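Input: a single structure, listed below in structure tokens.
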Amino acid sequence: MNFSKPGDIVSRILILKGSDLENLLTPEILINEIGKAFAMFSEGKTVTPPRTVMWVEGNWWGIMQSYVPGYGVGVKIVNVIPSNIERGLPTIQAVVVLMDPHNGSPLAIMDGAVLTALRTGAASGVSAKYMAPRTEGAMAIIGTGYQARYQLKFVSQIFRPTEVRIYDIRREAMEKFKSYAESLGFKVVMCGNPREAIRGCRVVIEASTTKEPVIFGDALEPPVHVISIGAHTPDARALDDEVIRRAEVVVVDSRDAVLRETGDIRIPIEKGILSIDQVHELGEVVAGKKPGRIGSGITVFKSVGLAIQDACAAGLAYRLAREKGIGMEIEI
């Protein structure tokens with residue numbers, strides 16, 4: 001039997017920039033694909049170990065990996081370095097590697113920051129598809145940074161708001177987001193506090209870096225769907241107790257992950273406000289095994305982000321890029 005020597009085999013890897021991913025992964029395509037991945041996850045069909053977290057020079061680094069059948073093996077390295085603002089660099093940077101699950105060959109390397117923003121927006125879109133009220137009304141977005149643009153882009157694909165109310169502690173961030181949203185044709189109202197923004201809205205999105213609640217249950221007026229993607233540490237909260245207490249349905253991306261990674265679910269359970277049996281996974285809702293909405297009340301989707309989303313989005317981007325001849329190929 002002949003064995004290949006090191007260096008004999010050349011791997012051809014596709015490089016996809018953020019702009020490539022923006023063009024390939026549109027809401028019309030990605031929302032449905034991410035929904036399928038969540039269903040496979042909740043059915044136990046993926047291989048998705050808990051993320052690895054490490055602190056390097058005082059900064060948070062994470063490694064997320066998953067195998068999603070039909071999409072491939074995706075591994076993401078991501079970091080959060082606040083001092084990069086002073087260096088003129090992004091505070092969050094990431095890279096995603098996609099590999100063939102059958103022969104182990106590397107297939108693609110792509111911009112992880114843009115991919116993360118796209119797949120996070122798509123997950124919120126999936127939740128809106130199954131959980132948002134079917135009545136017209138306003139949308140509130142609390143936190144108007146980088147991710148907020150993707151939340152608006154994807155959720156509005158499902159729920160087209162009559163107006164978008166926004167709040168951020170940074171007025172400059174609100175003004176920039178207002179200009180962006182208005183360029184897409186949305187009517188935008190800047191608000192002075194979170195309560196003012198969310199009162200009377202049919203969809204409320206929290207996309208902040210808060211550690212204390214910014215969504216208050218006594219300000220919510222049903223029917224309303226609440227989406228929360230912030231508060232990513234065990235003691236951090238974006239939703240107060242009253243939000244959880246009043247919710248008729250609470251859905252998460254992963255029961256295990258939210259118990260480890262966010263106070264928004266862990267703390268209400270410890271207080272006896274919520275039981276784990278009342279918490280459904282988004283994949284169960286997509287598969288029709290659990291309800292997303294049962295009446296005209298308050299529904300909540302809490303997301304901490306899963307590696308299945310990265311693997312699904314990366315595999316889809318790779319397939320579409322090959323079909324359309326997008327990206328740059330290199331040999332290693």
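Check the stretch 230-240 and report whether any residue there is among the basic types (Lys, Arg) and buried (at least 21 other Cβ atoms within 10 Å of the Cβ). Quick ask: steps written out before the conclusion?
The initial filter retains those residues of the stretch 230-240 that are among the basic types (Lys, Arg), namely 237.
In the following step, the residues that additionally are buried (at least 21 other Cβ atoms within 10 Å of the Cβ) were identified as 237.
Checked the stretch 230-240: at least one residue is among the basic types (Lys, Arg) and buried (at least 21 other Cβ atoms within 10 Å of the Cβ).
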> Residues in the stretch 21-33: is at least one open to solvent by 40 Å² or more (accessible area, probe 1.4 Å), more than 19 Å from the chain's Cα centre (by Cα) and at pLDDT 95 or above?
Replying inline: no
> Taking the condition β-branched (Val, Ile, Thr), under 17 Å from the mean Cα position of the chain (by Cα) and open to solvent by 30 Å² or more (accessible area, probe 1.4 Å), does residue 286 pass?
Replying inline: yes
>> Being buried (at least 20 other Cβ atoms within 10 Å of the Cβ) and assigned to a loop (DSSP other than H, G, I, E, B) is the filter here; which residues of the stretch 139-158 pass it?
In response: 143, 144
> Where in the stretch 193-311 are there strands (runs of 3 or more DSSP E), lying wholly inside it, with at least 1 residues that are closer than 25 Å to residue 94 by Cα and at pLDDT 95 or above?
Replying inline: 203-206, 224-228, 247-252, 298-302
> Tell me, which helices (runs of 4 or more DSSP H) lie completely within the stretch 1-109 with 2 or more residues that are in contact (Cβ under 8 Å) with a residue 60 or more places away in the chain and on the phi < 0 side of the Ramachandran plot?
Replying inline: 18-24, 27-42
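The values are calculated or read from the model by the stated rules, or taken from the named source; none is laboratory data. Please read all numbers here as calculations on a predicted model, not as lab measurements. As a convention, Cβ positions derive from the backbone with ideal geometry for all residues, glycine included, and neighbour counts pool all protein chains shown. Remember, those area values only see protein heavy atoms, side chains included, never the ligands or the DNA or RNA. Shrake-Rupley method; radii C 1.70, N 1.55, O 1.52, S 1.80 Å.
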